[in-house]
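Just below is one structure, and these are the notes that go with it.
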Amino acid sequence: MPEEDAFSALMSSLDTPLIVVTTGNETDGVLERGGCLVGFHTQSSIGPERYCVWLSKANHTARVAQRSSHLAVHFLTADDLALAERFGTLTGDRDDKFEGLRTETGPDGVPILLDCPNRLVVRRTSLLDEGGDHLCLSAETVSVSSGGPFTPLRLSDAEHLTPGHEAEERHAPPTERAAG
C-alpha cells in the first residue's frame with residue numbers, strides 16, 4: 001500500500017467528535033462573525049488549560065479568526081446534525097450562518113450559540129501556519145459551560161455533508177464580501 005493510501009486508511013478509521021467554532025471581531029465599527037464545522041481539534045495542555053483547533057484556510061471563519069482574539073468551541077451532541085449541516089455546508093462568504101439562531105456576544109465579538117450548552121470560550125495564544133491547508137490556533141480557556149454528559153456527534157454521522165469550500169480553495173481578496 002503506498003504511504004499516502006496508508007495515511008488515508010489510518011485517518012479514515014478515526015471517528016472524531018465534531019465541533020462548531022465561532023469567532024468575531026469588530027473593525028471600523030463593523031462586526032464580522034464567522035463559524036464553521038471542525039473535525040481537527042484537541043486538548044493540548046492540562047495546566048494551564050489549553051485547546052487547539054485547526055481551521056481550513058479556505059473558510060471565511062479562518063480569515064475572521066486571524067483577526068480575532070477569541071473563539072467559542074461548541075461541542076455538538078448526537079442531536080445537533082442540523083447545526084453541523086448549517087456550519088459545515090454553508091459558506092460565510094455568502095451566507096449568514098447565524099441567522100435565526102439564539103446567540104449572545106462574547107469577548108471580542110465572538111458569537112456564542114446558546115443552544116449548545118457544552119462549550120469553551122478561549123483566547124488565542126498562538127497561530128501556526130506550517131504550510132498545509134489548515135491553520136492551528138492554540139488557545140487558553142476563558143470560560144467553560146457544560147450541560148453534563150452527552151453523546152457527541154461524530155464524523156461518521158456527518159460524512160454525507162458537502163463542505164461549503166474544498167480544502168484546496170484559497171481566496172483573493174481575503175474575503176469575497178470585501179470584493180462587494
Legend entry - Residue ranges of strands (runs of 3 or more DSSP E) in region 103-147 with at least 3 members on the phi < 0 side of the Ramachandran plot and under 13 Å from the mean Cα position of the chain (by Cα): 111-113, 119-128, 134-145
Legend entry - Candidate set: region 1-54, residues that are free of Cβ contacts under 8 Å to residues at least 40 places away in the same chain and within 17 Å of Leu127 (Cα to Cα); chosen: the one surrounded by the most Cβ atoms within 10 Å (Cβ to Cβ): Val38
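Take the conditions aromatic (Phe, Trp, Tyr) and either surrounded by fewer than 20 Cβ atoms within 10 Å (Cβ to Cβ) or assigned to a strand (DSSP E or B) (or both) and apply them to Phe98. Does it pass?
Values: aromatic (Phe, Trp, Tyr): yes; either surrounded by fewer than 20 Cβ atoms within 10 Å (Cβ to Cβ) or assigned to a strand (DSSP E or B) (or both): yes.
Judged against the criteria, Phe98 is a match.
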Inset, instruction - Could you list, in sequence order, all residues of region 101-146 that are closer than 22 Å to Ala158 by Cα, surrounded by fewer than 19 Cβ atoms within 10 Å (Cβ to Cβ) and at pLDDT 95 or above? - result: Leu101, Leu114, Asp115, Pro117
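The values are calculated or read from the model by the stated rules, or taken from the named source; none is laboratory data. What you are looking at is a predicted structure, and each value in this text was computed from that prediction instead of being measured. Note: ideal-geometry Cβ built from the backbone for every residue, glycine included; neighbour counts use all protein chains shown.
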